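Chemist: Let me begin by handing over the structure; questions about it come next.
The values are calculated or read from the model by the stated rules, or taken from the named source; none is laboratory data. Remember, it's a predicted structure, so these values are computed and weren't measured experimentally. All Cβ positions, glycine included, derive from the backbone under ideal geometry; neighbour counts span all protein chains shown.
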């Protein structure tokens with residue numbers, strides 16, 4: 001029997017490392033970055049719709065500041081299926097509220113899946129097969145299943161999941177208990193992890209029976225679950241800010257990992273676009289770019305009437321959007337968030353955020 005989870009899209013991220021293209025009112029998930037013409041949020045909805053069966057079973061959680069944008073991008077989404085957070089309180093609160101909402105409508109035996117809105121995923125058939133396998137595991141073994149991405153390089157920007165004891169095969173895919181989670185190791189440690197072939201990248205995608213997650217939230221994060229259960233969204237402003245990883249996944253004994261092999265990227269910063277779209281070209285040109293002796297560059301301009309000219313540069317990112325130009329070394333794009341903190345500290349830069 002094929003199980004499919006009720007999909008919940010976590011659409012509250014800021015995508016700050018894609019600044020200046022990503023802004024407060026136009027975060028990364030509202031952008032089309034893969035060349036398809038569909039935003040990351042829309043592509044996530046497209047990908048999950050076959051699992052849901054129809055839009056009546058699709059859910060989205062996001063902050064109030066993004067609600068109008070989500071309605072515009074996903075007009076098919078029923079109004080009651082958009083859970084609007086008064087303010088972002090990280091993923092533990094979002095998962096708790098989404099789980100309570102699904103339990104109220106479908107009962108605690110329902111299987112739910114939580115998915116970030118801003119990932120790129122290849123191979124729809126394998127993605128669907130994987131989630132059906134995860135749902136079967138969640139239903140049969142009272143497991144909280146996380147999808148682990150098979151690493152392709154020693155990434156230092158991802159969390160890692162170590163496989164423990166084998167749980168058997170589900171839908172033809174092997175599953176394992178989670179031995180431990182490790183947050184963003186240094187390069188040497190990441191390389192050692194990969195060499196063991198026991199580690200996956202933490203994708204941030206979870207599948208579970210709602211009753212299981214609610215019980216684990218009660219055990220490990222009652223300060224989040226109990227106010228939400230009692231007061232609903234009115235409790236939000238007083239909830240602690242915690243990720244679901246810290247609140248539950250790193251403490252529960254029910255975590256399982258399903259290593260997967262479909263194409264995946266969390267599109268964390270501008271370098272992700274080069275991985276996705278550059279191919280064999282010497283530069284990634286998403287603008288009218290005239291260059292002399294420039295290589296390894298990522299060039300983006302929102303206005304296709306503008307020209308970006310470069311001379312003798314290597315491994316740089318140039319982004320033009322409106323009145324803002326970003327020029328950065330490719331190995332410093334993770335620090336764009338630090339740059340934004342400087343802008344946020346000065347009111348004269350408010351319009352550029």
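Chemist: Within the bounds of region 177-188, is there any residue that is in a helix (DSSP H, G or I), touching a residue at least 12 places away in the same chain (Cβ under 8 Å) and touching a helix residue (DSSP H, G or I) at 6+ places or on another chain (Cβ under 9 Å)?
Modeler: Looking through region 177-188, none of the residues is in a helix (DSSP H, G or I), touching a residue at least 12 places away in the same chain (Cβ under 8 Å) and touching a helix residue (DSSP H, G or I) at 6+ places or on another chain (Cβ under 9 Å).
Chemist: I've got another one for you. Can you tell me which residue among 101, 143, 133, 92 is crowded, with 20+ Cβ neighbours inside 10 Å, within 28 Å of residue 223 (Cβ to Cβ) and out of contact with any helix residue (DSSP H, G or I) (no Cβ under 6 Å at 6 or more places or on another chain)? Don't jump to the end; show me each part of the working.
Modeler: Values: 143 fails: out of contact with any helix residue (DSSP H, G or I) (no Cβ under 6 Å at 6 or more places or on another chain); 133 fails: within 28 Å of residue 223 (Cβ to Cβ); 92 fails: out of contact with any helix residue (DSSP H, G or I) (no Cβ under 6 Å at 6 or more places or on another chain).
On inspection, the qualifying residue turns out to be 101.
Chemist: Follow-up. Please go through region 231-253 and pick out each residue that is out of contact with any helix residue (DSSP H, G or I) (no Cβ under 7 Å at 6 or more places or on another chain), outside any helix (DSSP H, G or I) and in contact (Cβ under 8 Å) with a residue 40 or more places away in the chain.
Modeler: Of everything in region 231-253, just one residue is out of contact with any helix residue (DSSP H, G or I) (no Cβ under 7 Å at 6 or more places or on another chain), outside any helix (DSSP H, G or I) and in contact (Cβ under 8 Å) with a residue 40 or more places away in the chain, namely 250.
Chemist: Across region 275-302, what is the total count of residues that are assigned to a strand (DSSP E or B) and over 23 Å from residue 23 (Cα atoms)?
Modeler: Initial filter on region 275-302 (assigned to a strand (DSSP E or B)): 284-286, 288-292, 295, 298-301.
Narrowing the set further to residues that are over 23 Å from residue 23 (Cα atoms) leaves 289-292, 295.
Of the residues in region 275-302, 5 are assigned to a strand (DSSP E or B) and over 23 Å from residue 23 (Cα atoms).
Chemist: Right, something else. If we keep just the residues of region 16-32 that are in a loop (DSSP other than H, G, I, E, B) and under 16 Å from the mean Cα position of the chain (by Cα), which is farthest from residue 344 (Cα to Cα)? Write out each step before concluding.
Modeler: Filtering region 16-32 for residues in a loop (DSSP other than H, G, I, E, B) gives 19-22, 24-25, 27, 31-32.
Then drop every residue that is not under 16 Å from the mean Cα position of the chain (by Cα), which leaves 22, 27, 31-32.
Details: 22: 15, 27: 16, 31: 22, 32: 25 Å.
That would be 32.
Chemist: Determine whether residue 84 is at pLDDT 95 or above, part of a strand (DSSP E or B) and surrounded by fewer than 20 Cβ atoms within 10 Å (Cβ to Cβ). Spell out how you get there, then give the answer.
Modeler: Details: at pLDDT 95 or above: yes; part of a strand (DSSP E or B): yes; surrounded by fewer than 20 Cβ atoms within 10 Å (Cβ to Cβ): yes.
Yes.
Residue by residue, here is whether (1) at pLDDT below 95; (2) within 30 Å of residue 184 (Cα to Cα) holds:
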| site | (1), (2) |
| --- | --- |
| 280 | yes, yes |
| 299 | no, yes |
| 305 | yes, no |
| 322 | yes, no |
| 327 | no, yes |
| 335 | yes, yes |
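Chemist: Right, here's the next one. Checking the conditions here, which among 46, 34 is in contact with a strand residue (DSSP E or B) (Cβ under 6 Å, 6 or more places away or on another chain) and surrounded by fewer than 19 Cβ atoms within 10 Å (Cβ to Cβ)?
Modeler: Values: 46 fails: in contact with a strand residue (DSSP E or B) (Cβ under 6 Å, 6 or more places away or on another chain).
Result of the check over 46, 34: 34.
Chemist: List pairs: first in region 136-163 and not assigned by TED's automatic domain parsing to the domain that holds residue 333, second surrounded by fewer than 19 Cβ atoms within 10 Å (Cβ to Cβ) and in a strand (DSSP E or B), Cβ under 7 Å, 6+ apart or cross-chain?
Modeler: Qualifying pairs under 7 Å: 159/181; 159/182; 160/182; 161/181; 162/179; 162/180; 163/179.
Chemist: Within region 60-81, work out how many residues are outside any helix (DSSP H, G or I) and buried (at least 23 other Cβ atoms within 10 Å of the Cβ).
Modeler: If we filter region 60-81 for residues that are outside any helix (DSSP H, G or I), which is where we start, we get 60-63, 74-78.
Next cut, buried (at least 23 other Cβ atoms within 10 Å of the Cβ) only: 60-62.
Counting residues in region 60-81 that are outside any helix (DSSP H, G or I) and buried (at least 23 other Cβ atoms within 10 Å of the Cβ) gives 3.
Chemist: Would you point out which residue out of 101, 72, 92, 79 is assigned by TED's automatic domain parsing to the domain that holds residue 131 and under 19 Å from the mean Cα position of the chain (by Cα)? If you could, list the steps in order and put the result at the bottom.
Modeler: Values: 101 fails: under 19 Å from the mean Cα position of the chain (by Cα); 72 fails: under 19 Å from the mean Cα position of the chain (by Cα); 79 fails: under 19 Å from the mean Cα position of the chain (by Cα).
Of 101, 72, 92, 79, the one residue that is assigned by TED's automatic domain parsing to the domain that holds residue 131 and under 19 Å from the mean Cα position of the chain (by Cα) is 92.
Chemist: Which members of region 102-130 meet the condition of being in a helix (DSSP H, G or I), modelled with pLDDT of 95 or more and touching a strand residue (DSSP E or B) at 6+ places or on another chain (Cβ under 6 Å)?
Modeler: 102
Chemist: Under 15 Å from the mean Cα position of the chain (by Cα), under 21 Å from residue 267 (Cα atoms) and assigned to a loop (DSSP other than H, G, I, E, B) - does that describe any residue in region 35-49? Steps first, answer last, please.
Modeler: So the first thing to find is which residues in region 35-49 are under 15 Å from the mean Cα position of the chain (by Cα), and the list is 39-45, 47-48.
Right, trim to under 21 Å from residue 267 (Cα atoms) and you get 39-45, 47-48.
The next check asks that each one be assigned to a loop (DSSP other than H, G, I, E, B); those that pass are 39.
Yes, region 35-49 contains at least one residue that is under 15 Å from the mean Cα position of the chain (by Cα), under 21 Å from residue 267 (Cα atoms) and assigned to a loop (DSSP other than H, G, I, E, B).
Chemist: What are the residues in region 195-222 that are assigned to a helix (DSSP H, G or I), surrounded by 15 or more Cβ atoms within 10 Å (Cβ to Cβ) and out of contact with any strand residue (DSSP E or B) (no Cβ under 9 Å at 6 or more places or on another chain), if any? Break it down into steps so the answer makes sense when it comes.
Modeler: Of the residues in region 195-222, the ones assigned to a helix (DSSP H, G or I) are 195-196, 210-220, 222.
Those left that are additionally surrounded by 15 or more Cβ atoms within 10 Å (Cβ to Cβ): 210-217, 220.
Selection gives 211, 214, 215, 217, 220.
Chemist: For residue 51, state whether it is within 14 Å of residue 8 (Cα to Cα), in the same structural domain as residue 14 (by TED's automatic domain parsing) and surrounded by 14 or more Cβ atoms within 10 Å (Cβ to Cβ). Steps first, answer last, please.
Modeler: Details: within 14 Å of residue 8 (Cα to Cα): yes; in the same structural domain as residue 14 (by TED's automatic domain parsing): yes; surrounded by 14 or more Cβ atoms within 10 Å (Cβ to Cβ): yes.
The answer is yes for residue 51.
Chemist: Hey, among 274, 287, 301, which residue is under 21 Å from the mean Cα position of the chain (by Cα) and not assigned by TED's automatic domain parsing to the domain that holds residue 87?
Modeler: Values: 287 fails: under 21 Å from the mean Cα position of the chain (by Cα); 301 fails: under 21 Å from the mean Cα position of the chain (by Cα).
Exactly one residue qualifies, and that residue is 274.
Chemist: Now, a different point. Looking at (1) in a loop (DSSP other than H, G, I, E, B); (2) under 26 Å from the mean Cα position of the chain (by Cα); (3) modelled with pLDDT of 90 or more, find the lone condition where residue 256 falls short.
Modeler: Failed condition: (1).
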